[in-house]
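Novice: There's a structure below that I have some questions on.
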Amino acid sequence: MRKMKRLSEKQKKDLECIKWFIPDLLKSVVITEQDERDFLKVSERGIKPLNMSKGLCALLEGKRYRGMNIHELWEESFNALDGSWGGYIDLLEGMPRCVVDFIKREMFKGKDAEVIERCYLITLNAS
């Protein structure tokens with residue numbers, strides 16, 4: 001039996017971030033270490049799994065929802081002229097650090113990273 005390699009810190013943070021975005025319908029699905037490894041094979045190397053488990057499906061949906069939320073909802077809302085954008089403080093309240101760090105890199109291609117960090121710190125001090 002082949003010994004499994006440990007996940008890097010970057011991989012662990014990415015998985016934690018993706019799990020936060022898993023849709024409610026799939027939140028109760030048990031995600032195994034094998035699901036995580038299969039997900040990384042698909043995500044990092046494009047290797048398709050032999051079997052699509054529920055846990056792997058949940059992770060893939062989490063990754064899809066992460067992209068949709070950041071690029072299609074939050075960025076679009078930010079640019080809305082109707083005043084519907086509540087601001088970064090409302091958006092970041094209650095988010096785990098791994099998600100905030102990902103948003104800092106992704107949203108608007110990282111241009112607002114400093115502002116996002118300051119707003120996140122405000123949410124921490126307010127609670």
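The values are calculated or read from the model by the stated rules, or taken from the named source; none is laboratory data. It should be emphasised that the depicted structure is a prediction, and the values quoted were computed from it without experimental measurement. A quick note on method: Cβ atoms are made from the backbone with ideal geometry, for glycine too, and the neighbour counts reach across all protein chains shown. These area figures cover heavy atoms from the full protein model, side chains too; ligands, DNA and RNA do not enter into them. Shrake-Rupley method; radii C 1.70, N 1.55, O 1.52, S 1.80 Å.
Novice: Can you tell me which condition residue 33 does not meet? The list is (1) charged (D, E, K, R); (2) modelled with pLDDT of 90 or more; (3) under 30 Å from residue 111 (Cα atoms), and all the others hold.
Specialist: Going through (1) charged (D, E, K, R); (2) modelled with pLDDT of 90 or more; (3) under 30 Å from residue 111 (Cα atoms) one by one, residue 33 breaks only (3).
Novice: Determine whether segment 72-81 contains at least one residue that is within 26 Å of residue 7 (Cα to Cα), under 14 Å from the mean Cα position of the chain (by Cα), open to solvent by 20 Å² or more (accessible area, probe 1.4 Å) and among the aromatic types (Phe, Trp, Tyr).
Specialist: no
Novice: Something else now. Can you name the residue in segment 4-23 that is surrounded by fewer than 12 Cβ atoms within 10 Å (Cβ to Cβ) and touching a residue at least 12 places away in the same chain (Cβ under 8 Å) and, of all such residues, is farthest from residue 68 (Cα to Cα)?
Specialist: 4
Novice: Please specify each residue of segment 84-127 satisfying the condition of being acidic (Asp, Glu) and assigned to a helix (DSSP H, G or I).
Specialist: Across segment 84-127, the qualifying residues are 90, 101, 106, 114, 117.
Novice: Regarding segment 86-106, can at least one residue be identified that is out of contact with any Asp or Glu (no Cβ under 6 Å at 6 or more places or on another chain), open to solvent by 40 Å² or more (accessible area, probe 1.4 Å) and hydroxyl-bearing (Ser, Thr, Tyr)?
Specialist: Within segment 86-106, not a single residue is out of contact with any Asp or Glu (no Cβ under 6 Å at 6 or more places or on another chain), open to solvent by 40 Å² or more (accessible area, probe 1.4 Å) and hydroxyl-bearing (Ser, Thr, Tyr).
Novice: Also, quick follow-up: Consider only pairs whose beta carbons are under 6 Å apart and that are at least six residues apart or on different chains; among these, list those whose first residue lies in segment 24-48 and is closer than 9 Å to residue 58 by Cβ and in contact (Cβ under 8 Å) with a residue 24 or more places away in the chain and whose second residue is in a loop (DSSP other than H, G, I, E, B) and open to solvent by less than 70 Å² (accessible area, probe 1.4 Å).
Specialist: Matching pairs, first to second residue: 35/53.
Novice: So, one more: Out of the residues in segment 49-67 that are within 25 Å of residue 105 (Cα to Cα) and open to solvent by 60 Å² or more (accessible area, probe 1.4 Å), which is nearest to the chain's Cα centre (by Cα)?
Specialist: 63
Novice: If you don't mind, there's one more thing I want to ask. Could you figure out which of (1) surrounded by 11 or more Cβ atoms within 10 Å (Cβ to Cβ); (2) more than 15 Å from residue 102 (Cα to Cα); (3) not basic (Lys, Arg) isn't true of residue 46?
Specialist: (1) is the only condition that residue 46 fails.
Novice: Same structure, new question: Among 87, 62, which is the only one that is closer than 27 Å to residue 124 by Cα, in contact with a Cys (Cβ under 9 Å, 6 or more places away or on another chain) and at pLDDT below 90?
Specialist: It is 87.
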